[in-house]
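Below: the structure, in structure tokens.
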Amino acid sequence: MVASLLSVAPSGIPEPFLRAESTAGKFFLMFFAVAFFAAVFGLVLFLASLLKGKRGEQGQGMLFAAPAVLLLAVGLLYPAVLTIIQSLRGKSGDGAFSFENYSAMFSQPELLTVLRNTALWVILVPFLATAIGLLYAILIDRARGEAFAKALIFLPMAISMVGASIIWKFVYQYKQTERPQIGLLNQLFKLVGLETQQFLLEAPLNTLMLIIVMVWIQAGFAMTVLSAAIKAIPDDIIEAARLDGVSGFRMFRYITLPSIRAAVVVVLTTIGIGTLKVFDIVRTMTGGQFDTSVVANEFYNQSFRYNAPGLGAALAVLLFVLVIPIVAYNIVQMRKEA
Amino acid sequence: MSTLQPAATPESMIDDAVPPSSGKAKKTATGDAARAVSSRWASLVAIIIAVLWTTPTVGLLVTSFRTQRDINSSGWWTAFGNPGAFTLENYREALEPGATSSFSQYFINTVVITIPAVLLPIFLASLAAYAFAWMPFPGRDALFVAVFALQIVPLQIALIPLLDMYTNKLGFGASYWSVWLSHTIFALPLATFLIHNFMRELPGELMEAARVDGAGHVTIFFKILLPLLTPALAAFGIFQFLWVWNDLLVSLVFLGGTPDVAPVTVRVAELAGTRGNAWYLLSAGAFISMIVPVVVFLSLQRFFVRGLLAGGLKG
């Protein structure tokens with residue numbers, strides 16, 4: 001204990017303020033951190049209150065913005081630039097300038113599989129989740145127990161993707177056909193007389209099985225946003241259409257869908273961006289083995305497991321580049337709507 | 001600016017707490033009959049979706065209350081035939097302090113990580129948002145657009161250089177400080193943007209009047225703005241809470257898997273890789289990690305939905 005009190009990290013921070021093993025120590029650290037940052041907050045305010053006059057006013061503004069802006073510059077912008085540089089310096093990230101990592105991404109078979117899987121995810125998840133969410137939102141609109149019905153579908157959004165992966169891994173659990181099944185899906189296969197399957201081992205089926213988990217999570221998000229949009233359609237439009245004899249599918253096609261177009265685009269793109277960065281599900285369910293890896297997971301593996309930080313950096317840059325067109329599309333669509 | 005427009009005004013989101021407007025359709029006898037038939041089909045499809053969506057969770061929940069032997073020898077759906085066999089043993093083992101298979105340490109780590117990682121960005125972002133909204137200074141607008149634009153940067157792009165900074169320059173290594181700081185940094189663009197938009201909507205006369213009375217920015221910030229900001233802070237706070245509580249990547253990169261610091265998510269993910277068939281532990285562990293966000297969800301549903309909508313693009 002004494003030794004740990006005396007030991008000091010390279011930066012000069014005493015150990016007890018850095019790490020703790022006991023529960024009390026951990027909570028002490030937590031309160032210390034909050035107090036420390038509250039003190040910084042107070043100091044900024046105090047310094048600001050000292051500045052007077054017209055110049056002082058401007059100084060106050062800069063002072064208020066400074067902590068956030070500095071943290072972003074040092075902790076996000078600067079690291080991003082370093083990552084881009086690293087991606088251009090070979091597999092190890094510290095060699096000579098080259099496009100090696102980027103050409104590897106589009107030529108190595110394993111990495112091409114990663115790109116193919118990512119494309120599958122980004123195409124399937126947003127459309128399936130949005131379609132199911134929209135269908136459900138329409139079906140339960142104004143129904144009795146709507147709030148409860150919504151909560152059921154929305155609940156997967158609240159839990160971690162790790163938790164969701166465990167839930168589904170159990171659904172997919174494999175036992176030989178003759179033996180009693182413990183995975184629900186294989187039990188159903190057995191009931192209808194099919195051989196049980198190793199759902200997470202056989203490519204490309206396994207990628208589809210992982211995609212189902214993400215759809216399961218995201219449908220609730222789509223449902224919530226679209227349900228709000230449907231409720232915002234003015235009553236008189238629907239009433240007028242109904243008087244003209246429009247109902248059922250035609251009502252959906254010609255009245256509902258055009259009215260909520262903007263919301264649908266937002267939902268599709270938002271889920272698309274989230275899906276592009278999906279990591280937890282792949283990592284927890286297969287670790288990216290058996291041809292299931294996606295860009296965000298491959299980034300982690302290359303950087304931290306295969307000792308190829310340069311390639312990892314290139315994959316991170318790819319992720320960034322892929323996000324941009326989706327955001328751009330979103331902006332263009334919103335402009336059109338406005 | 002428009003990508004995040006739905007997020008921009010949390011107040012404008014129609015929230016679930018509003019009861020569906022009633023008495024919409026003028027009913028006719030034939031329309032009624034047609035609607036009754038179609039609504040029966042609609043209910044059926046809705047129920048099928050709801051069952052599909054809840055069954056997997058129910059399955060694991062039931063499993064977490066079965067003995068290790070039962071779990072591996074029969075399906076969870078058979079458990080209802082023998083209700084006496086349910087047990088709390090898995091949870092006892094998963095929560096027992098000191099045991100190697102225990103999650104209790106990891107659970108504490110999750111709490112210790114989450115609370116500062118929610119509070120810090122709120123402190124910093126509300127200060128910055130106030131400056132961007134109500135305090136003119138040179139370069140302010142350009143700076144705000146830059147902060148706004150940073151929302152689209154995936155956090156992956158910053159991870160490795162940040163890790164290098166923490167270990168080699170700051171000496172944090174695998175300590176809570178690295179995750180607290182990282183979560184704060186990654187949250188700042190969204191938090192600043194959200195709170196700024198909310199502040200812009202407050203009437204400027206409020207600030208003017210206070211200034212005429214001789215109040216400084218500090219007084220205005222605390223006495224006038226903070227109380228008005230509560231809904232925006234709650235929406236962001238809950239979004240950030242869930243984000244951090246459920247996070248895997250950031251903790252995995254900066255903390256690794258040591259029981260000293262690693263959160264439950266990291267532990268559960270690791271167990272899934274190394275002891276993939278230890279369902280008695282995995283199921284209990286998964287539900288231990290889920291219980292807090294689910295309770296938050298059920299009790300704060302309104303803010304929760306707003307927060308999630310607002311933060312849809314983050315990450």
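The values are calculated or read from the model by the stated rules, or taken from the named source; none is laboratory data. Quantities reported herein were computed from a predicted structural model and do not represent experimental measurements. Please note: Cβ atoms are built from the backbone with ideal geometry, for glycine as well, and neighbour counts cover all protein chains shown.
Miscellaneous remarks
- Whichever residue in segment B:151-170 is β-branched (Val, Ile, Thr) and in contact with a helix residue (DSSP H, G or I) (Cβ under 7 Å, 6 or more places away or on another chain) and, among such residues, is surrounded by the fewest Cβ atoms within 10 Å (Cβ to Cβ): B:ILE152
- Set A:LEU120, A:LEU134, A:LEU71, A:LEU128: member being among the hydrophobic types (A, V, I, L, M, F, W, C) and farther than 30 Å from A:ALA262 by Cα: A:LEU71
- Highlighted here are the helices (runs of 4 or more DSSP H) found entirely within segment A:10-105 that include at least 3 residues which are modelled with pLDDT of 85 or more and farther than 30 Å from A:PHE299 by Cα: A:23-50, A:53-72.
- Residue match in segment B:77-90 (condition: touching a Leu at 6+ places or on another chain (Cβ under 9 Å), facing another protein chain (nearest Cβ under 8 Å) and more than 30 Å from B:ALA187 (Cα to Cα)): yes
- Test: residue in segment A:257-280 that is surrounded by 24 or more Cβ atoms within 10 Å (Cβ to Cβ) and of a type in the set (Lys, Arg): no
- In segment B:69-98, of all residues being under 34 Å from the mean Cα position of the chain (by Cα) and loosely packed, with under 11 Cβ neighbours inside 10 Å, the one that is modelled with the lowest pLDDT corresponds to B:GLY98.
- The residue list A:ALA263, A:ALA296, A:ALA241 contains one member that is over 20 Å from A:LEU322 (Cβ atoms), touching a Phe, Trp or Tyr at 6+ places or on another chain (Cβ under 9 Å) and of a type in the set (Gly, Ala, Ser), which is A:ALA241.
- The combined condition, being facing chain B (nearest Cβ under 10 Å) and touching a Phe, Trp or Tyr at 6+ places or on another chain (Cβ under 9 Å), is not fulfilled by A:MET214.
- Every pair of residues 6+ apart whose Cβ atoms lie under 8 Å, when the first sits in segment A:293-316 and is touching a residue at least 40 places away in the same chain (Cβ under 8 Å) and under 21 Å from A:LEU208 (Cα atoms) while the second is of a type in the set (D, E, K, R) and surrounded by fewer than 24 Cβ atoms within 10 Å (Cβ to Cβ): A:SER293/A:GLU110
- Segment A:107-116: number of residues that are under 16 Å from A:PHE299 (Cβ atoms) and in a loop (DSSP other than H, G, I, E, B): 1
- Index of the failed condition, A:ILE273 passing every other in (1) more than 18 Å from B:VAL266 (Cα to Cα); (2) more than 7 Å from chain B (Cβ to nearest Cβ); (3) free of Cβ contacts under 8 Å to residues at least 60 places away in the same chain; (4) in contact with a helix residue (DSSP H, G or I) (Cβ under 9 Å, 6 or more places away or on another chain): (2)
- Number of the exception - B:ALA262 against (1) more than 8 Å from chain A (Cβ to nearest Cβ); (2) assigned to a helix (DSSP H, G or I); (3) modelled with pLDDT of 85 or more: (2)
- Some residue of segment B:187-204 being within 12 Å of chain A (Cβ to nearest Cβ) and farther than 30 Å from B:THR114 by Cβ: no
- Residues in segment A:31-56 that are farther than 30 Å from A:PHE17 by Cα and either within 7 Å of chain B (Cβ to nearest Cβ) or among the small types (Gly, Ala, Ser) (or both) were compared, and the one that is surrounded by the fewest Cβ atoms within 10 Å (Cβ to Cβ) is A:GLY53.
- Test: B:ILE185 is β-branched (Val, Ile, Thr), under 21 Å from B:ALA232 (Cβ atoms), surrounded by 20 or more Cβ atoms within 10 Å (Cβ to Cβ) and at pLDDT below 90: no
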